[in-house]
Each structure stands twice: as structure tokens, then as C-alpha cells.
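Trainee: A single structure is presented below for examination.
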Amino acid sequence: MSDTAQAKAAWLRNTLGIETEADGPPPPGAVLPKNPIRAIIDGVEAIFSRRKKKKTSPTPTPPPTPPPTPPSQSSPTVVKDEAFEEKLRTLKEEIGKVKALGCGTAQMEADADDLAAHAETASKEQNKDKRDKAYTALRKRADEMIQHVRALRKSIKDVMGEAEGPPSAQQKNDAYKKALEDFYGLTITVPDGMTNTHFDQMFDMFGTVPQGHVKQNKLKSLKYNTADIGGVYYGTPCEIEMGNFGDGTRMETDPSSRYMLDGKVVPANSFNVTALHEIGHALDADKDIMGKNKKKDGAGGWTDWMRTDAVVPIYAKALKQEASPSDKVTEDAMLELVRTAIVSGTVTQPTGMDNEDWQKINTFLVTKCLPMRDAQQPYFKNNPAAIGDMVYTEGSPGWWCGYKYAARASTYVNNYQWRSPPEWFAEVYAITWLSKKKPPSGVAAEIAEYCWKE
Ligand SMILES: [Zn+2]
């Protein structure tokens, strides 16, 4: 408890004989007034005023002595952490220094504001242990952010050498690249002639997530590929590959790829959200997050990967139940029709099959099997074909995964999330950090642990 809180509690105890919640947490279910101290004073004043009204004696009496003013009327008790405040000041000074050198600091400033907002919340935490724990984490995060900004300033100095004046655009580009190499330990490869690497945006994204997510053994290199327009993470050699993102300002606005949180579209810069998505893959590779959690409903309710041989009988069984062809259609025939549909994408009426049976089977194959083939990119569409309470998707040729259809509603952030368990995590991860919003409420705590938190 702070000195102020102790003094306040002592005053209330000694003057009014009232124990306050400053002596400990309120009992579960207790309804506290918005301002307990003010309420107590109001209560005391009400007693005095009632007594006044009850007085019948004509003898004038002196007015009651008002209760002394308590040391503070603020509530709940706000406890700042001076060591944290000092770090926040340092962080803001450091950001100011790189801003003065002509670097874009909007992301760093937004991150510092987010940190300050978390500290504001921590300062109002009435449970000392919880508050101390929150401040310990915030001081650590402040240190990381200071290191991040200082790494850039050091790289600018290294790149500039003896040169005077502010860094040129090329020198800034070189400095961001050097900071990614020196501070985040990346080996960077850029194809000849490629200039739109957006090292500044990549550096910003590395700094917006906890340092442990990016300074880790599964994230060793950054490579660019002008032939691609997206990003990829390769578990071997622990590498993020970024394609050609034009001038880096494109937003994910297309309904097929946009992000949603709390039922609203969340603006997402394509380069930034892709960088975070690939960082998410690297983190998942490091911590085996989906390996441990993918089967939980709050992580998509995924099956293990299945080869075509494993998914064919699932569809064939559903075909029998949903299409209900006549007994003339054998189970082997159904298996073969499903196999042909999902392997080659073709549906052909077998010789000798009744038209009536074929119409039913054809409808099933066309509406349930063909759309979920990788060739149809079902992970860019929002109309998955369910089999019972599951959806099966060919995430890459010959490899299928199933997920719970209900989990799609409760944990949805975008369509691409539903390509496979790693994509599910990478998309949830990316959009929470980019937007500084919590993941959907259906997301499991074991996953939310790695996402942005309130
Ligand atoms: Zn991915």
C-alpha cells in the first residue's frame, strides 16, 4: 500500500472507525461505490444533517464541526511506479532523437502510447501483487522498446560515420537494414535492383511485438523475392521471405482477404500485417503453439494433417448420408467418385449409373468436394462446405485439414486463417498486434497469451 493510501486508511480508521478496502480487497460480490471516500463523507454529512433536523430545542447550537478533509479524494487508489515512469520518459526522449534525424516514428509513438495506457491501467490495480506483476512486465517491455529505438539511432550513427547533417533516404534505408541485422540478428538478402524493401516498416513491426517473439532461434533471416507479392515463412532455414509490396501503402480492403474483429473490418496495411503474420509463424515454430493447442475449439478445433487417402472415406460417407443414392451405387463406386473429384477436380457420370442417382451424387461432388480443393483456393472465400460439424480444406496439394465449423464463427479474423493450423495462428496473431485489439472472445487463453492484451 502506498503512503497516501495508508494515511487515508488510517484517517478513516482513527477518525470514523471505518475499515476501508485499502486494507485489503473487497469481499467477492461486494458492490463498491464509485468513490468510496466521497461516499463515506456523504454518509457522515447525512448523519449530521439528520441529527440537525431532529433537533427540537429552540436553543441555538453551534454548527457541527465538519469532518477533516481526507488526504485525497481520488478513488480507486492510483499507484504509479516511478521506475517505470522514468523508463517511459527515456523512451519518449529516444523516439524524439530518431525523429529529429528524420525517421518516421508514428509506430514507435503508438507503441509508447500503448505502453503508457497499460501503465495507467496498472496504476489503478488495487491488488498489490497483481499491480507489482503488471509493472514488472511493463518495465521489461519499456526496456525492450528503448533498446529497439536506440538500436536504430546507433545504426544511423554507424551508417553516417563522419558525415554531417541529417541522413539521406538511402542512408536511412541502410540504417534500418543494419538495425535489423545488428539488433535482431537477421541475415538479409535482397535481389539485385530491388529497392522497395520497406526496411523501416519491417523494423517497426519487429519493435511492436515483444522482443522474445522476434529475437529467437526460429527467426534468422529475411529474404526478398520480387517474383512474389506476399510473404512466406520457411521453417528451414528459419526465414521470412517478403515479396514485392509496391510502395508499401496498400491496404487489405478486398472482402476475400480483409480482417475483422468484433464484427468490424479492421484496416490493415498489407506489408505490415504480412510481416507480423510471418513473425507469427516463426513464433509458432519456436513455441509449438498450434502443435500443442490446435485441437482446442478456441484454436479452430483442427484435425491433424490428412493425406487424400484419409479424407476420401470421410467425403464418401457424407455422400452416402447426404445424397442418399439408391442401393445400386456401391460404396466402392462412391469412394472412387469422391477420389476422382478431389484429386483431379473432375466429375463424370459413370457408365451405367442411373440419371437420378447421378444427379444426387453430382450435386454433392460439385458443392461439397470441388470447392474445398486447393486449386479453388477455398481459404480466400467465406462459404466453406461443411461435412457435419466439420470443414475439410486442402491447404496445399494432397494435404488436407479439418476444422470445427462453429470455431470459424467464434474465432474468425479473416478467410485465410482457415487454410491450416499455422495460418490460423499467424492471422490471429498478426491482426491483434497490428490493431492493438484483443483476439475474438472465442480464442483460447493459450493462444491469446501470445496476442496483444488489454
Ligand atoms: Zn502464412
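The values are calculated or read from the model by the stated rules, or taken from the named source; none is laboratory data. Note that the structure is predicted; figures quoted are calculated from it, not measured. FYI the Cβ positions are ideal-geometry reconstructions off the backbone, even for glycines, and counts take in every protein chain you see.
Trainee: Need pairs with beta-carbon distance below 9 Å; first residue assigned by TED's automatic domain parsing to the domain that holds Tyr176 and assigned to a helix (DSSP H, G or I) and within the range 96-107, second aliphatic (A, V, I, L, M) and surrounded by 15 or more Cβ atoms within 10 Å (Cβ to Cβ); sequence gap 6+ or separate chains.
Mentor: Lys97/Val149; Val98/Met108; Val98/Val149; Val98/Leu152; Val98/Ile156; Lys99/Met108; Gln107/Met205
Trainee: Another question about this same structure. Where residues in the range 383-417 are among the charged types (D, E, K, R) and closer than 14 Å to Gly300 by Cβ, which of them is nearest to the chain's Cα centre (by Cα)?
Mentor: Kept after step one, since they are among the charged types (D, E, K, R), are these residues of the range 383-417: 389, 394, 404, 408.
Now narrow it down to the ones that are closer than 14 Å to Gly300 by Cβ: 389, 404, 408.
Numbers: Asp389: 27, Lys404: 21, Arg408: 17 Å.
Top of the filtered list is Arg408.
Trainee: Of the residues Ile240, Ile229, only one is at pLDDT below 95, aliphatic (A, V, I, L, M) and within 15 Å of the ligand (Cβ to nearest atom); which?
Mentor: Working: Ile240 fails: at pLDDT below 95.
Checking each option against the conditions leaves just Ile229.
Trainee: If you check every pair at least six apart or on different chains, which have Cβ atoms under 7 Å apart with a residue in the range 417-438 that is more than 15 Å from Asn272 (Cα to Cα) first and a residue that is within 13 Å of the ligand (Cβ to nearest atom) and acidic (Asp, Glu) second?
Mentor: From the range 417-438, the pairs are Gln417/Glu423; Gln417/Glu427; Pro422/Asp284; Phe425/Asp284.
Trainee: Need at least 3 residues that are within 24 Å of Thr236 (Cβ to Cβ) per element, so show me which helices (runs of 4 or more DSSP H) inside the range 259-354 make the cut, counting only ones lying wholly within it. Give the derivation first.
Mentor: Working: elements: 270-287, 289-293, 308-323, 331-344.
Hits in the range 259-354: 270-287, 289-293.
Trainee: A follow-up question, please. Which members of the range 147-200 meet the condition of being surrounded by fewer than 21 Cβ atoms within 10 Å (Cβ to Cβ), hydrophobic (A, V, I, L, M, F, W, C) and not in a helix (DSSP H, G or I)?
Mentor: If the condition is that a residue be surrounded by fewer than 21 Cβ atoms within 10 Å (Cβ to Cβ), hydrophobic (A, V, I, L, M, F, W, C) and not in a helix (DSSP H, G or I), then Ala163, Ile188, Val190, Met194 are the ones that fit.
Trainee: Within the range 395-407, which residues are surrounded by fewer than 18 Cβ atoms within 10 Å (Cβ to Cβ) and either within 16 Å of the ligand (Cβ to nearest atom) or at pLDDT below 95 (or both)?
Mentor: Ser396, Trp399
Trainee: Quick one: Lys130 ticks every box in (1) under 27 Å from Asn173 (Cβ atoms); (2) over 19 Å from the mean Cα position of the chain (by Cα); (3) without any contact (Cβ under 8 Å) to a residue 12 or more places away in the chain except a single one, so which number is it?
Mentor: Unmet condition: (1).
Trainee: Do we have Thr187 as polar (S, T, N, Q), under 26 Å from the mean Cα position of the chain (by Cα) and at pLDDT 95 or above here? Walk me through how you get there before you give the answer.
Mentor: Values: polar (S, T, N, Q): yes; under 26 Å from the mean Cα position of the chain (by Cα): no; at pLDDT 95 or above: yes.
The answer is no for Thr187.
A quick yes/no check of all residues on (1) among the β-branched types (Val, Ile, Thr); (2) touching a strand residue (DSSP E or B) at 6+ places or on another chain (Cβ under 6 Å); (3) not in a helix (DSSP H, G or I):
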site	(1), (2), (3)
Val366	yes, no, no
Cys369	no, no, no
Ala375	no, no, no
Tyr392	no, yes, yes
Gly395	no, yes, yes
Tyr403	no, yes, yes
Ala406	no, no, no
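Trainee: I need a count of the residues in the range 274-289 that are more than 11 Å from the ligand (Cβ to nearest atom) and either small (Gly, Ala, Ser) or over 15 Å from Lys215 (Cα atoms) (or both).
Mentor: 4
Trainee: Okay, moving on. Can you name every residue in the range 408-443 that is away from the ligand (no atom under 14 Å from the Cβ), assigned to a helix (DSSP H, G or I) and closer than 17 Å to Lys264 by Cβ?
Mentor: Of the residues in the range 408-443, the ones away from the ligand (no atom under 14 Å from the Cβ) are 408-412, 432-443.
If we keep only those that are assigned to a helix (DSSP H, G or I) too, we end up with 408-410, 432-435.
Result: Ala409, Ser410, Thr432, Leu434, Ser435.
Trainee: Mind checking which pairs have a first residue in the range 232-250 that is within 12 Å of Leu219 (Cα to Cα) and a second that is among the acidic types (Asp, Glu) and assigned to a loop (DSSP other than H, G, I, E, B), Cβ under 8 Å, 6 or more apart or different chains?
Mentor: Hits for this filter: Glu241/Asp228.
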